[in-house]
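Following: one structure in structure tokens, then a few remarks.
A short reminder: the numbers here are calculations on the coordinates, not readings from a lab. What you see is a predicted model; the values in this text were computed from it and never measured. Here the Cβ positions follow ideal geometry from the backbone for every residue, glycine too, while neighbour counts run over all protein chains shown.
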Amino acid sequence: MPIRTVMKANEAAAWAAKLAKPKVIAAFPITPSTLVPEKISEFVANGELDAEFIKVESEHSAISAVVGASAAGVRTFTATASQGLALMHEVLFIAAGMRLPIVMAIGNRSLSAPINIWNDWQDSISQRDTGWIQFYAENNQEALDLILLAYKVAEDERVLLPAMVGFDAFILTHTVEPVEIPDQEVVDEFLGEYEPKHAYLDPKRPITQGTLAFPAHYMEAKYLVWDAMEKARKVIDEAFAEFEKRFGRKYQKIEEYKTDDAEIIFVTMGSLAGTLKDWVDKKREEGYKVGAAKMTVYRPFPVEEIRALAKKAKVLGFIEKDISIGLYGAVFIDASAALVNESERPLMLDFIAGLGGRDVTFGQLDDALRIAEEALEKGEVEKPIHWIGLRKELL
Amino acid sequence: AVRKPPITTREYWAPGHAACAGCGCAIALKLATKAFSEAMEEKYGDPNAFAIAQATGCMEVVSAVFPYTAWKVPWIHVAFENAAAAASGVEAAWKKLGIKGKILAIGGDGGTADIGLQALSGMLERGHNVVYLMYDNEAYMNTGIQRSSSTPYGAWTTTSPPGKYSIGEDRPKKWVALIAAAHQIPYAATASIGNPFDLVKKVKKAAKVDGPAFIQVHCTCPTGWRTPLEKGVEIARLAIETGMWPLFEIENGDIWNIKIQPPGGGAKVYKEGGRVVRIEFKKPIEEYLKYQGRFKHLFKRPEAIEELRNQIKAMWKVLGVEAILPRPEE
């Protein structure tokens, strides 16, 4: 029987790792994700998890050790956030290029400067081009489930790419919520034993990994990473379907909420989806035709799902906790690209919100709604990007 | 009767790699992998019971150019600064997989003394069952001869050019073997292609200890040092004989019981209580410098050679040895 209990997302991530039975874990403490390796080291210390836990001296070495272990042929796990993830950046490309199905938990946190330990998605969004699959959790249960799903997808022969699961700093990492811990046997059946067919370091079958590729070969290696990510779309859907069958919880790349008759639909990720759905309920009572959508998978970008969503809305607004300085928020940019060849498109707006842990309030969502309604009324967008919740008196 | 060869004829670093003609580091890796294999055979009964994790650098780019490989042993390259971390991961995985054997991490002086120093320290401190071999050709040769912290005083490199305001490299060489020993690891040593028997012995010793070991191997680089292709081993031997390259072993960080190998070349070694305390070198360091284009300019700057001599003496003092370094006229 699954155990129903309460825990923080960090603990849920550690539990997910325990259930997946990785053989090597390497991690370095960083706020807000420190509790993940703490909890895992407890599991290892108590003999509840039979793994080597490498207490590395940096996040760069954490991911490097995990790459080494994964290349040697075992299931691996690590966790980090923010500056730690930025420090890993170089090796993230390598993990994907070497086709290693590493899974990593991210306590989504802002990037310096100014130094700030609170939530936004800039850390993992900034890794979007590395070749890692990216999931974002709305709550602690999702944090646990998506880590199991990340292994399922990453290790699929058609994919063989690393995957990260993001959950919001403090809002989830440090907040206790009800979580159902699945049965070990069911997880074992779902994930199976990890048996590498391509990545191993076995004296009986010596192979060379991590070679130099000249221009004659480099581009094909990169193409295959891109192609594997494309193939991951289908694999993710299959994994979601199997997960629902085994565990009874349904996941979708984009989960819609009250969108069927909506004129204005707001899209977001992570814990903000919870706030947004609550707010939509309130606005519906007030008579507004608004809907919400939660993006659970950010890489591969859910192109088809965004197109389907766009067909329903007159205005599509993105509320995102990241900014690509010099243009717009990354999710908005990507969604725009997904819709670029559509003959009919909704008006599109980007709302930058909640950076560095600023609370995203109903008031701020009301501001976004006003801007969306104005665009709807005029039938055009004057300015696509709006920072909501800015303290103008400080500027 | 056929005499047994002094070292196994098995090759792990196969012919066909793309190293420069006369590459001293290629000699180091060829010998080191053979020695490692012998140690594995003696310790685990399996000569193939090892894997290599290697840093980006000369010996990496010349040995694994897709779709070819020079490696007849499981081998992984991840990046420049993380060979020790990657090796830690491989070692941990082998523990869980129940594969008996040892991991050999390899990095150049840039990948070890500079950008990889942190990962190295972490790996040593955590006690992984890994031998780290630093092939020290005393500059960033793969990127085209830039100074590293392991470049000796006075040497020309493309980023330490001699000029009106420069004598060349202006800092003393950093000795990573001593830093490694400070981690109180079971075994830290220096070696050189100039003394292949000593190199083989030390690699075997390092491979057989339980826990981390470190060896800093002096390797000539004709391309970067501006030396004749055929003189690599001879020049490396001169480094030992003139006092420029000390050969030592430190077990468990016990610097007070450092073992110093006699340099040869007519040097007189004095011991007290079994410990080397004084070496009177016969050959002046100029004997070593004169073959090398990277030191050519020093011969017009005798004060720089004097400074180098003083630094070498200071280095020997750290090892507990009074070094008497002759001048050419003496």
Taking each residue in A:198-205, count the Cβ atoms of any other chain within 10 Å of its Cβ, then average. What number comes out?
6
What residues have an amide H closer than 5 Å to that of B:Ala79, excluding those fewer than 5 places away on the same chain, when H is modeled at 1.01 Å from N in the peptide plane?
B:Thr56
In degrees, nearest 10, the alpha-carbon axis of helix B:117-126 is tilted away from the dominant principal axis of the alpha carbons of chain B by 50 degrees
Tell me which of A:Ile306, A:Pro32, B:Val269 sits at the most positive position along the dipole axis of the protein assembly as shown, charges placed on C-beta atoms (Lys, Arg +1; Asp, Glu -1).
B:Val269
Nearest-20 debye value, segment A:254-394 charge dipole, Cβ charges on Lys, Arg, Asp, Glu
200 debye
Ranked output for segments B:165-175, B:281-291, A:53-63 by mean other Cβ atoms within 10 Å, highest leading, reads A:53-63, B:281-291, B:165-175
Nearest-20 debye value, chain B charge dipole, Cβ charges on Lys, Arg, Asp, Glu:
440 debye
Of the residues A:Ala169, A:Met98, A:Tyr194, the Cα lying farthest along the dipole of chain A towards its positive end, which is defined by charges on the beta carbon of Lys, Arg, Asp and Glu, belongs to A:Met98
In µm²/s, what is D for the protein assembly as shown at 10 °C and 1.306 mPa s, where D = kT/(6 pi eta Rh) by Stokes-Einstein and Rh is the Kirkwood radius from Cα pairs?
57 µm²/s
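Given Cα pairs under 8 Å that are at least 6 residues apart, what percent is the relative contact order of chain A? If you can, show how the numbers build up before the last one.
Working: 813 pairs, mean separation 62.5, N = 395.
Once normalised by length, the contact order is 16 percent.
How well do other chains shield peptide A:70-79, expressed as the mean number of their Cβ atoms within 10 Å of each residue Cβ? Could you put the intermediate results ahead of the total?
Working: counts 3, 10, 15, 7, 8, 2, 3, 0, 0, 0.
Across A:70-79, the average partner-chain Cβ count within 10 Å equals 5.
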Once you have a ≥ b ≥ c as the square roots of the Cα gyration tensor eigenvalues for segment B:115-240, tell me rounded if a/c is under 1.5, and otherwise prolate or oblate according to whether a/b is larger than b/c.
oblate
Could you check the simple spin-label distance between B:Tyr68 and A:Glu38, using points 7 Å along Cα→Cβ, in nm with one decimal?
5.4 nm
What FRET efficiency do you get for A:Arg391 and A:Val340 if R0 is 30 Å and r is their Cβ-Cβ distance, rounded to the nearest 0.05?
0.30
Would you mind putting A:298-311, B:140-153, B:239-252 in packing order, based on average other-beta-carbon counts within 10 Å, highest first?
B:239-252, B:140-153, A:298-311
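Between their Cα atoms, which of A:Lys18/B:Lys174; A:Lys8/A:Lys282; B:Lys205/B:Lys313; A:Lys234/B:Lys100; A:Lys21/B:Lys30 are more than 32 Å away from each other?
Details: A:Lys18/B:Lys174 44 Å; A:Lys8/A:Lys282 28 Å; B:Lys205/B:Lys313 28 Å; A:Lys234/B:Lys100 40 Å; A:Lys21/B:Lys30 39 Å.
As for pairs spanning more than 32 Å Cα to Cα, those are A:Lys18/B:Lys174; A:Lys234/B:Lys100; A:Lys21/B:Lys30.
Please report B:His128, A:His386 as a ranked list, fewest other C-beta atoms within 10 angstrom at the top and most at the bottom.
A:His386, B:His128
Report, in deg cm²/dmol and to the nearest 500, the calculated mean residue ellipticity at 222 nm for chain B, where each DSSP H run with n ≥ 4 adds -39500 (n - 2.57) and the sum is divided by the residue count.
Values: 10 runs with 105 residues, N = 330.
Result for chain B, helices only: -9500 deg cm²/dmol.
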Using alpha carbons only, how many angstrom separate the centre of segment B:17-44 from the centre of segment A:293-339?
54 Å
Which whole-angstrom value gives the distance between the alpha carbon centres of segment A:189-207 and segment A:99-116?
27 Å
Provide the per-residue ³J(HN,Hα) series for segment A:313-319, in order, calculated from phi with Karplus coefficients 6.51, -1.76, 1.60 and θ = phi - 60°, each as a whole number of Hz, with x at glycine and proline positions.
9, 8, 10, 10, x, 10, 10
When a/c reaches 1.5 or more, the comparison of a/b and b/c decides; with that in mind, is segment B:1-112 rounded, prolate or oblate per its Cα gyration tensor?
oblate
On a 0 to 90 degree scale, rounded to 10, what angle separates helix B:302-318 from the longest Cα axis of chain B?
50 degrees
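Within the set of other residues whose C-beta is less than 12 Å from the C-beta of A:Val225, count the net charge using Lys and Arg as +1 and Asp and Glu as -1. Present the calculation step by step, with values, prior to reporting the outcome.
Working: positive: A:Arg99, A:Lys222, A:Lys231, A:Arg299; negative: A:Asp129, A:Glu220, A:Asp227, A:Glu230.
Summing Lys/Arg as +1 and Asp/Glu as -1 gives 0.
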Residues with amide H under 5 Å from that of B:Val277, placed H, sequence gap 5 or more:
B:Tyr270, B:Lys271, B:Glu272
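About the Cα centre of chain A, how large is the charge dipole given +1 on each Lys and Arg Cβ and -1 on each Asp and Glu Cβ? Please answer in debye to the nearest 20.
Details: 45 positive and 61 negative charges, 89 e Å.
The dipole magnitude comes to about 420 debye.
Starting from the Cα-Cα distance between A:Gln184 and A:Lys234, subtract it from 0.36 nm times their residue separation and give me the gain in nm to one decimal.
Values: separation 50, 0.36 × 50 = 18.00 nm, distance 2.60 nm.
Value of the extension gain: 15.4 nm.
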In nm, to one decimal, how far is the B:Leu229 label point from the A:Ser112 one, both placed 7 Å along Cα→Cβ?
5.0 nm
Of the beta bridges DSSP finds with both residues in segment A:254-394, what % are antiparallel, to the nearest 5?
20 percent
Can you run the Rg to Rh ratio on chain B? Use alpha carbon positions and the Kirkwood inverse-distance Rh.
0.96
Structure shown: which of A:Lys253/A:Lys312; B:Lys43/B:Lys96; A:Lys23/A:Lys250; B:Lys72/B:Lys102 lie over 27 Å apart, alpha-carbon to alpha-carbon?
A:Lys23/A:Lys250
Beyond 21 Å, what share of the Cα-Cα pairs of segment A:254-394 is found? Please give it as a whole percent.
35 percent
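Just checking the output field for A:137-144: average partner chain Cβ neighbours within 10 Å of each residue's Cβ? Spell out each step's value before the answer.
On the way: counts 0, 0, 0, 0, 0, 0, 0, 0.
Shielding by partners across A:137-144 averages 0.
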Please list the non-local residues whose amide H lies under 5 Å from the amide H of A:Asp350, H modeled 1.01 Å from N, same-chain partners needing a gap of 5 or more.
A:Phe318, A:Ile385, A:His386
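Return the calculated 222 nm mean residue ellipticity for chain A, to the nearest 500 deg cm²/dmol, obtained by summing -39500 (n - 2.57) across DSSP H runs with n ≥ 4 and dividing by the residue count. Before the final figure, lay out the partial values.
Numbers: 12 runs with 164 residues, N = 395.
So the calculated ellipticity at 222 nm is -13500 deg cm²/dmol.
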Roughly how tilted is helix B:196-208, in degrees to the nearest 10 and between 0 and 90, from the longest Cα axis of chain B?
40 degrees
Gyration tensor on Cα atoms of segment A:160-238, a ≥ b ≥ c root eigenvalues, a/c under 1.5 rounded, else prolate if a/b beats b/c, else oblate, says prolate
Putting +1 on Lys and Arg Cβ atoms and -1 on Asp and Glu Cβ atoms, find which of A:Pro384, B:Ser37, A:Val56 reaches farthest to the positive end of the dipole of the protein assembly as shown.
B:Ser37
